[in-house]
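> Structure provided below as structure tokens; questions to follow.
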Amino acid sequence: MTGYQLKGSFPLIFERGAPGRRGYRLPPLDVPEQPIEALIPDRHQRTNPPALPEVSEPEAVRHFVGLSRRNYGVDVGFYPLGSCTMKYNPKINEEVAALPGFARLHPYQPEETVQGALELMYNLERYLCEIAGLSRATLQPAAGAHGELLGLMIMRAYHESRGEGHTRREVLVPDSAHGTNPASAAMCGYRVVEVQSNARGGVDVAALRALVGPKTAGLMLTNPNTLGLFEEDILEIARLVHDAGGLLYYDGANANAILGICRPGDMGFDIVHFNLHKTFSTPHGGGGPGSGPIAVREELVPFLPVPTVERDGDRYYLDFDRPQSVGRIKGFYGNFGMMVRAYAYIRTMGAAGLKAASEQAVINANYLMKRLAPLFDVAVDRYCKHEFVLSGRRYKRLGVRTLDIAKRLLDYGIHAPTVYFPLIVEEALMIEPTETETKETLDEFARVMEQIVREIEEDPDLVRNAPHETPVRRLDEARAARQPDLCFCAPASSTVGEVNAGGGGRTDG
Amino acid sequence: MTDADRRAMLNAIGVADVEELFADIPAEIRLRRPLNIPEGMAEAELRRHMAELAGRNADAGRYACFLGAGAYDHLIPAAVSQLVSRNEFYTSYTPYQAEITQGVLQATYEYQTLVAELTGMELANASMYDGATAMAEACLVACAHTGRDRVVVPRAAHPEYRQVSATYLRHQGLEIVEVPFRDGVTPVDEVRARVDGRTAAVVVQQPNFFGCLEDAEAMAEVAQEHGALLIAVITDPLSLGLLQPPGAYGAHMAVGEGQPWGSPLSFGGPYLGFFAAQGKLVRRIPGRIAGATVDRDGNRGYVLTLQTREQHIRRERATSNICTNQALNALAAAVYLTLLGKEGVREVAGQCVQKAHYLQRAMTALEGVSAAFPGPFFHEFVVRLSADPEEVTRRLLDYQILGGLPLGRFYPELADCLLVCVTEARTREEMDRFVTALGGLA
Amino acid sequence: MYPEDLRYSQQHEWVRREGNRVRVGITDYAQQELGDVVFVDLPQEGTTLQSGEAFAAVESVKAVSDIYAPVSGRVVEVNQDLADRPELVNQDPYGAGWIAVLEMENPAELDELLDAEQYRELLER
């Protein structure tokens, strides 16, 4: 048994190979060799070599290709994961990001040797500002949540600069918000105050009015919100927060609905983050890397992190001399490789293409919502934007939960939607088809959903016990959390060094 | 999408045109003009344009790169990019549906095991953004765990790591206390003078920013005397092929930059923050963690676990706000470390040490070039120049050499110094060229 | 499933009086709502609590639920068995799944808690 089958357990890399094997050969040392103890004192040296795999290159390749076949990406099939914007990732973007002139630049090279890179960053910043309707941006944050944290730091620096840092200690967050919003606010030292949603799925303006005041630092809002609905009262919301002296933060997770249609800055937002790995097509990589640039209104520009990219005639340079800056939140300049891909995407699409993408994303979502409406309860009966939320509550009486429906979809070769989010919808299914899916794919998805609903009515156990066709079946998550097994513990006979003898790489919490 | 499809879809929705779907957006905020962004390009046009931009940069393929300082030009086996480019991996989202994302989950578990093994720690998470944010988050963990509000950080630690930590900590009312360096290393008595009952952690970067080896064991002892934690920071973990792992000198957390494990330089990102810790800290650590379990048929499988630490469940009380991480870079690390393996990692570390010392000896034999610090170093070292280092590095470009980092921008007192890095990727010919060129400039 | 000899809080904790002390746990309803308990964040012995203050947390795979002090007092004992066997909260919520014992500050506070019938009514609402 070589262990490369698609179903069942799959050997770990540590269970393959044989002592002495290796998968990469270095060129021979081309300088005279000194005794190592003459260069590195003994007490600094490792006593036991680390117990790494010992496999040949073909073994390693088969192992990781085998793992890849047990994985699912948007290149494999439909991936309607709400709030995650799983659009197609154009392959040309990978090709250009791999050009040595981008991929092999050291971040500390002299500026005159990275003019092309700085120009790309400078122009990407311009494009993002134009899309946001704001003045300046920074590309430093590595992810959306990182952008949120930075945006809130800028919010705080702004209030501090006006002598209100100590009084404005509250950040308002709707109850439908992504979990990162309250977590970022807390990480920035803010107290989180939750704002209720109204029956139409928007911010309850009356509730908001009662909560804003001299303690308010700002409001974090996703628009369209996590129900996929545009905040119709956005201008009133913005006025309330601004009149109270607070700022508006735009969580750009759902920006794919609004490119070229309306702009956060025009809505009244002061700080905006974008997810280049959602809206601007950079691949998600199994959970990252992402990139979470933020754009800000003119008054907030002095607080942007160092360095900014500036232009002087034909020359681009990094500006570190920004006395009011919040500082630095990441090493170097951000996830540059993601910037290259997003820049390539924007240049491919152009202004018209971006707007067409948003329009199609909204058409696809409304079309699919219409197709699925007979099968589920629609959370709020309105036209949606790029995504929508259904409730599977009607199947609870048959003993089938939304989780079961999600798992059954996997048997049909489709990634499940986001489930149990937003928290305000019972048994939620959050579906975001994106603009890159064809009508046939959406129709096929609707047919599969109809089939699953028939199964629920005729043979609910089939759905309750799903998935059946996947590499592994439903996993025991309680066991994983009760007895955490986070690292492979090699059998005692192997070569695990003394450094690991205590914990053996495994922890029981 | 064809016009016919679009028509059919709009009909099915029951609207006459797409504008109706946007009718709930207040008219005064609709953008009534095209975005001011250039017209779209076809693939072939884009390829030309991007090649032109890339061509205006001097890359480490054409120039011999002697820059390090947190970003390292190591050799990357061809199989790494081939494997991480497998579409099933790189176009996958976070593995929320474990049954169809066992590939990423198992690779993450393997990555965690590799990190724990190399650092000598009991566990590791699935990744952080980069080394600098990993250090900042480790400082936050230490403060939360001890209930104390100060972290002692050597000035000989990476300046950008210190800046990022300062930014993170300041917003939670926490402080950094800096320790000066002497002869390129952090004196233990200076550490001791700054550690007290308010100290949550002592940070040691090993080797430090100047490439010098710190007395990490003594710093661990100082921390322990006061009930503080020791955080080991490592900017090039390939050093762990030869150097003592943090677990062996008593570190409670070992964090750093995983870029050297198979990720390209890429002008500073995307990189890979690694985060390893003692088992007792497991419920405090930030970010995703993969764990092994079984499915209902008894097959071994993997899930994201201990998720109650995270933002999507604990919201404002999460250990961190991190969500998206650097999964693909972690995968690259797992592939890289698998290919290099037990022997390869040791050999890379050995070649780095040998070549760095070869170059250092040759450079310091030149007139106008001297070793800035006396102690042992790994693969980076500081030389003092009689000429201006900024000017010297500029002129080295004429010899196709990226000649190191002038230290004045971070350490005004070292304005006459240059930080030089040599990895296994540099050849003797390149080093000799560097020495010859420097001889004419210094 | 709601023993008559216990008192109950609105937040689904139960209380068993043992002289001047009370033993505290979560109700059968609460453990069912949470699902498989995977971890219990236990308080430090000696901690002084006001009634209504969060003093422990019970975690399932995808949720965290705070446990609030049903009465004011000092934590004098915690159930260390839960560190290794958190599933006891599911298996035996009123017995081996207890969480802590508090030394009461003001036993009169017990009168403010619900009896079994009132608690059942609360659940039916």
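> Hey, can you list the DSSP H helices of chain A whose Cα span along the axis is 27 Å or longer and whose average Kyte-Doolittle score is at least -0.5?
Values: long enough: A:336-372 (40 Å, 0.32); A:439-458 (28 Å, -0.70).
Membrane-span-like by this rule: A:336-372.
> Rounded, prolate or oblate: which one fits the range A:1-95, using the alpha carbon gyration tensor with axes a ≥ b ≥ c (rounded when a/c is under 1.5, else prolate when a/b beats b/c, else oblate)?
Judged from the Cα gyration tensor, the range A:1-95 comes out prolate (a/c at least 1.5, a/b above b/c).
> Accessible area lost on pairing A with B, both sides, 1.4 Å probe, Å² to nearest 100?
17500
> Now for a separate question. Compute the signed sum of charges (Lys and Arg +1, Asp and Glu -1) over the other residues within less than 9 Å, Cβ to Cβ, of B:ARG155.
Counting the neighbours of B:ARG155, the net charge comes to 0.
> Can you put A:ASP485, A:ASP381 in order of accessible area, largest first, using a 1.4 Å probe? Don't jump to the answer; show the numbers that get you there.
Numbers: A:ASP485 25, A:ASP381 145 Å².
Heavy-atom accessible area, descending, gives A:ASP381, A:ASP485.
> Note down the accessible area of A:MET349, probe 1.4 Å, to the nearest 10 Å².
50
> Under a plain spin-label model, where a point goes 7 Å from the Cα along Cα-to-Cβ, how far apart in nm are C:LEU123 and C:ALA108?
3.1
> If you don't mind, another one. Can you tell me the orientation of helix B:102-119 relative to chain B, as the angle in degrees between its alpha-carbon axis and the longest Cα principal axis, to the nearest 10?
Value to nearest ten degrees: 10.
> Is the shape of the range B:1-117 best called rounded, prolate or oblate, per the rule: a/c under 1.5 gives rounded, else a/b larger than b/c gives prolate, else oblate, with a ≥ b ≥ c the square roots of the Cα gyration tensor eigenvalues?
oblate
> Something else about it: Expressed as a whole number of Å, what is the distance separating the alpha-carbon centroids of the range A:196-212 and the range A:315-384?
The range A:315-384 and the range A:196-212 have Cα centres separated by 26 Å.
> Could you tell me whether the range C:7-120 comes out rounded, prolate or oblate from its Cα gyration tensor? Rule is a ≥ b ≥ c as square roots of the eigenvalues, rounded for a/c under 1.5, then prolate if a/b exceeds b/c, otherwise oblate.
Note, shape of the range C:7-120 comes out oblate.
> Amide H of B:SER127: which non-local residues (sequence gap of 5 or more, or other chain) have their own amide H closer than 5 Å, using H built in the peptide plane?
B:ARG288
> Relative to the Cα centre, what is the charge dipole magnitude of the protein assembly as shown, using +1 at the beta carbon of each Lys and Arg, -1 at the beta carbon of each Asp and Glu, and rounding to the nearest 20 debye?
Numbers: 105 positive and 143 negative charges, 260 e Å.
Dipole of the protein assembly as shown, to the nearest 20 debye: 1240 debye.
> Once all Cα-Cα distances of the protein assembly as shown are split into 10 Å bins that start at 0, what whole-number percent is in each one?
Going from the shortest bin to the longest, the percentages are 2, 11, 20, 24, 22, 14, 6, 2, 0, 0.
> Using the Karplus curve 6.51 cos²θ - 1.76 cosθ + 1.60 with θ = phi - 60°, what ³J(HN,Hα) values do you get for each residue of the range B:228-243, in whole Hz, with x for Gly and Pro?
9, 8, 10, 10, 8, 10, 10, 8, 10, x, 5, 4, 6, x, 10, 7
> State the Cα centre-to-centre distance between the range A:62-125 and the range B:349-375 in whole Å.
That distance is 37 Å.
> With every protein chain left in place, what is the accessible area of A:LEU410 in Å² (1.4 Å probe, nearest 10)?
About 10 Å², ignoring ligands and nucleic acids.
> Could you give the size of the charge dipole of chain A about its Cα centre, using +1 on the Cβ of each K and R and -1 on the Cβ of each D and E, expressed in debye and rounded to the nearest 20?
My answer is approximately 620 debye.
> How do B:THR305, B:THR319 rank by accessible surface area computed with a 1.4 Å probe, from largest to smallest?
Values: B:THR305 5, B:THR319 50 Å².
Sorted descending by solvent-accessible area, the residues read B:THR319, B:THR305.
> Report the charge-dipole magnitude of the range A:93-348 in Debye, nearest 20, computed about the Cα centre from +1 at each Lys and Arg Cβ and -1 at each Asp and Glu Cβ. Show your work: numbers first, answer last.
On the way: 22 positive and 29 negative charges, 80 e Å.
Approximately 380 debye in magnitude.
> Please give the helix B:43-55 orientation as an angle from the longest Cα principal axis of chain B, in degrees from 0 to 90, rounded to the nearest 10.
Approximately 20 degrees, to the nearest 10.
> Quote the total accessible area buried by chains C and B together, excluding ligands, DNA and RNA, probe 1.4 Å, nearest 100 Å².
Separately minus together, C and B give about 600 Å² buried.
> Beyond a 18 Å Cα-Cα separation, which of these cross-linked pairs lie in this structure: A:LYS278/A:LYS355; A:LYS87/A:LYS385; A:LYS87/A:LYS355; A:LYS215/A:LYS330; A:LYS91/A:LYS439; A:LYS87/A:LYS278? Mind showing how you got there, number by number?
Details: A:LYS278/A:LYS355 16 Å; A:LYS87/A:LYS385 15 Å; A:LYS87/A:LYS355 15 Å; A:LYS215/A:LYS330 30 Å; A:LYS91/A:LYS439 22 Å; A:LYS87/A:LYS278 7 Å.
From the list (A:LYS278/A:LYS355; A:LYS87/A:LYS385; A:LYS87/A:LYS355; A:LYS215/A:LYS330; A:LYS91/A:LYS439; A:LYS87/A:LYS278), the Cα-Cα distance tops 18 Å for A:LYS215/A:LYS330; A:LYS91/A:LYS439.
> Compute the distance in nm between two label points, each set 7 Å from the Cα along the Cα-to-Cβ direction, one at A:GLU95 and one at B:HIS49.
Result: 1.5 nm between the two label points.
> While we're here: With all protein chains present, calculate the accessible area of A:ARG394 using a 1.4 Å probe and round the result to the nearest 10 Å².
Counting only protein heavy atoms, A:ARG394 exposes about 80 Å² to solvent.
> Here is a follow-up. Give the peptides A:441-447, B:399-405 in descending order of average Cβ contacts within 10 Å, highest first.
Ranked from most to least packed, the peptides come out as B:399-405, A:441-447.
> Evaluate E = 1/(1 + (r/R0)^6) for B:ALA193 and B:ASN87, where r is the Cβ-Cβ distance and R0 equals 60 Å; express this FRET efficiency to the nearest 0.05.
0.60
> From the phi of every residue in the range A:279-289, what ³J(HN,Hα) in whole Hz does the Karplus formula 6.51 cos²θ - 1.76 cosθ + 1.60 yield, where θ is phi - 60° and glycine or proline is x?
Those phi angles translate into 5, 10, 6, 6, x, 7, x, x, x, x, x Hz.
> Additional query: Excluding B:GLN106 itself, calculate the net charge of residues whose Cβ lies under 12 Å from the Cβ of B:GLN106, where each Lys or Arg counts +1 and each Asp or Glu counts -1.
Net charge in that neighbourhood comes out at +1.
> Using only Cα atoms, tell me the angle between helix B:327-364 and the longest principal axis of chain B; keep it within 0 to 90° and round to the nearest 10.
Helix B:327-364 and the main axis of chain B meet at about 30 degrees.
> Identify which of B:ALA201, B:ALA42, B:ALA138 has the largest mean-square fluctuation in a Gaussian network model of chain B, with springs joining Cα atoms closer than 10 Å.
Checking each option, the largest mean-square fluctuation is seen for B:ALA42.
> Ordering A:ASP175, B:ASP236 from largest to smallest accessible area (1.4 angstrom probe), what's the sequence?
Sorted by accessible area, descending: A:ASP175, B:ASP236.
The values are calculated or read from the model by the stated rules, or taken from the named source; none is laboratory data. A quick note: this is a predicted structure, and the numbers were derived from the prediction, not measured. Neighbour counts run over all protein chains shown; Cβ positions are idealised from the backbone, glycine included. Accessible surface is based on the protein model in full, side chains and every heavy atom, while ligands, DNA and RNA are left aside. Shrake-Rupley method; radii C 1.70, N 1.55, O 1.52, S 1.80 Å.
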